[in-house]
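Input: a single structure, listed below in structure tokens.
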Amino acid sequence: FTERLINAHTNPEVWAQQQAHLQEMVDWAKAHDAQMMVLLWPQIAMIEDSQPAVERVTGLFNELGITVVDMSEPLRAYDTSQLIVNRFDTHPSVLANRLAADELYAVLGEE
């Protein structure tokens, strides 16, 4: 499942649909004069394998002038078991969310 999810970002047809949805979000934010920032999570259990997808999404938002906070680097320093809720729930753990908050805080402090 994870590989299919990651590979969807390299499939031209699927990526075109995803890109259109992401563009709609950017257009909405601009139309409503809302500042947009993207917090981008890799697949926590497969950070390295996620990089083609992460890079594609990052590239799109960079082209559109949207700030991206990529969580890949901050997460690499930790074991996967520390970054997920538990082995049955791979959502980001309290630690992973704290790391994300720290990253967002740092970026917001720069603006």
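Brief remarks follow.
- In the context of the full set of protein chains, residues of the chain present 66 Å² of accessible surface per residue (probe radius 1.4 Å, heavy atoms only).
- Extension gain, Thr67 to His32: 0.36 nm times the residue separation minus the Cα-Cα distance gives 10.9 nm.
- Solvent-accessible surface (1.4 angstrom probe) belonging to Arg76, in square angstrom, nearest 10: 90 Å²
- The spread of Cα positions in the chain, taken along each principal axis and listed from longest to shortest, comes to 40, 37, 20 Å.
- Note on the chain: dipole from Cβ charges, positive end direction compared against Gln43, Ala29, Tyr105; the farthest Cα belongs to Gln43.
- Of the accessible area of the chain, computed with a 1.4 Å probe over protein heavy atoms only, carbon and sulfur atoms account for 53 percent.
- Using the average count of surrounding beta-carbon atoms within 10 Å as a protection proxy, the listed peptides 13-20, 56-63 rank, highest first, as 56-63, 13-20.
- Full extension of the segment from Phe88 to Phe1, taken as 0.36 nm per residue of separation minus the current Cα-Cα distance, would add 29.8 nm.
The values are calculated or read from the model by the stated rules, or taken from the named source; none is laboratory data. Note that this is a predicted model, so its numbers are computed, not measured. When we count neighbours, we look across all protein chains shown, and the Cβ atoms used for this are built from the backbone with ideal geometry, even at glycine. The accessibility values were calculated without ligands, DNA or RNA, using every heavy atom of the protein model including side chains. Shrake-Rupley method; radii C 1.70, N 1.55, O 1.52, S 1.80 Å.
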